[in-house]
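Notes for the one structure printed next.
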Amino acid sequence: MGHAYTPGLKVTEKFLLTKKRILPLKGEVIVKKGDPVKPDDIIARTHLPGIVEPMNVANILGVPPEDLNECMLKKEGDQIEAGEVIAMSKSFFGLFKSKCPAKISGTIESISQVTGQVLLRGAPIPVTVKAYINGEVVEIYEKEGVAVSTWCSFIQGIFGIGGETHGEIKVVVKDNTQVLTDKEIDDSCQGKVVVGGSMVTADAVKKAAKVGASGIVVGGFDDKDLRGFLGYDIGVAITGSEEIGTSLIVTEGFGQINMAQRTFDLLKSKEGQLACINGATQIRAGVIRPEVIIPQDGDIHAKIEESDYRELGLQVGSPVRVIRHPYFGKLGEVTNLPPELEELESGSHARVLEVKFLDGKTAIVPRANVEMIES
């Protein structure tokens, strides 16, 4: 009998990771299959079309739209500079001239003798895609991008803000229960991925951004602090594009929640090593999790035993985290998976499981209220 789907977060010491690095539009791939890459290496580039700036040139010159072509000094496709005169009209036997300067630099996109509008297209915007991680190019997608593979330690978070960045891991708290405050942040955190414990304060995030820390990885964060820090509420849209200077990854949830001991121990054991992180998060369809990738040396072409990586699903002994009240954020281990439906307090029926928490207490919770911690 198949098992019910249970969402899970990976926290693993060694994992073969492959990342697709794709351009938003077709362009040029500048690496080859088999090339080693580093996080800041550019692997592909393209140009996005420039902005469109409409100008009602006929109105500016005071001429009928059908006479616009006679006034244009530039034709469609011509290059222009901001302030350059693109059209001119003459009146009273040429004694008076009306001029129309271009608002932006770029090209003439179109000229309409129906509306009198001239569309200016701004200069193309260069876009590059970086490798993001240390690894090897294993596949080329012609004119689109590449796939990069690496052995790594891999940690997924619950929520994050800020985009892709990297830096050496620096643990600034004594254990996973300590709150990360601005007192633990100093100039030595510049360019580092700072690891905290149970929570990070808004002042600590602000100071980390001020000193130039690459990122923060911590157990919890107050949602009120998040709103105050960003200046707006996070909706259901994807995060990751925030211009905050420092990416933030929350591993457990909102509020003061101790970082899972296994997660903290893994990060502690990798202190001083390079970590590549991304705070991009999307909780609804097309789930995107924030992540910490700690690349390791290893032959990505080594034979992998299929049994080592098959999805086993939820079973007795699986480590889990409860994601709903009244045990929200608590970690434990599955001790029983009764197959029959159980009646809940609401009167509905659902499959449940028995979980033993780290403090030794046990509880019966609906299976939908837990997520696996995949290792």
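Data overview
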| quantity | calculated |
| --- | --- |
| DSSP bridge orientation in the range 109-257 - percent antiparallel, rounded to nearest 5 | 40 percent |
| Among 147, 363, 82: highest mean-square fluctuation, GNM of the chain, C-alpha pairs under 10 Å | 82 |
| Residues 128, 246, 251 arranged by fewest to most Cβ contacts within 10 Å | 128, 246, 251 |
| Alpha-carbon Rg/Rh ratio, for the range 154-193, with Rh computed the Kirkwood way | 0.96 |
| 19 Å cut-off, amide nitrogen to a point 7 angstrom out along residue 76 Cα→Cβ, residues in the range 120-136 | 120-123 |
| From phi via Karplus (6.51, -1.76, 1.60), per-residue ³J(HN,Hα) for the range 108-115 in Hz, x at Gly/Pro | 7, 7, 7, 10, 10, 8, 8, 9 |
| Crossing angle, helix 202-211 versus the chain [Cα axis fit, 0-90 degrees, rounded to tens] | 60 degrees |
| GNM flexibility winner over the chain from 328, 159, 264 (Cα, springs under 10 Å) | 328 |
| The range 67-78 - phi-based ³J(HN,Hα) in whole Hz, Karplus 6.51/-1.76/1.60, Gly and Pro as x | 9, 4, 4, 5, 9, 6, 8, 10, 10, 4, x, 6 |
| Cα lying deepest toward the dipole's positive end in the chain, options 197, 107, 281, charges on Cβ | 107 |
| Farthest toward positive dipole pole in the range 311-374 [+1 Lys/Arg, -1 Asp/Glu at C-beta], among 314, 338, 372 | 372 |
| Least to most buried among 132, 232 (fewest other Cβ within 10 Å first) | 232, 132 |
| The chain, dipole about Cα centre (Lys/Arg Cβ +1, Asp/Glu Cβ -1), debye to the nearest 20 | 460 debye |
| Spacing of the two label points (7 Å from each Cα toward its C-beta) at residue 188 and residue 324, in nm | 4.5 nm |
| Two-site label geometry, residue 336 and residue 56: point separation in nm, points 7 Å out along Cα→Cβ | 7.7 nm |
| Modelled FRET efficiency - R0 56 Å, residue 210 with residue 143, Cβ distances, 0.05 increments | 0.85 |
| For semi-axes √(5λ) of the Cα gyration tensor in Å, calculated from these coordinates, the label among (1) 58, 33, 19; (2) 38, 23, 22; (3) 53, 24, 23 | (3) |
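Read-outs throughout are calculated quantities, based only on the coordinates presented, and are distinct from any laboratory measurement. Given the structure is predicted, the values throughout are model-derived calculations rather than measurements. We place every Cβ from the backbone using ideal geometry, glycine too, and count neighbours over all the protein chains shown.
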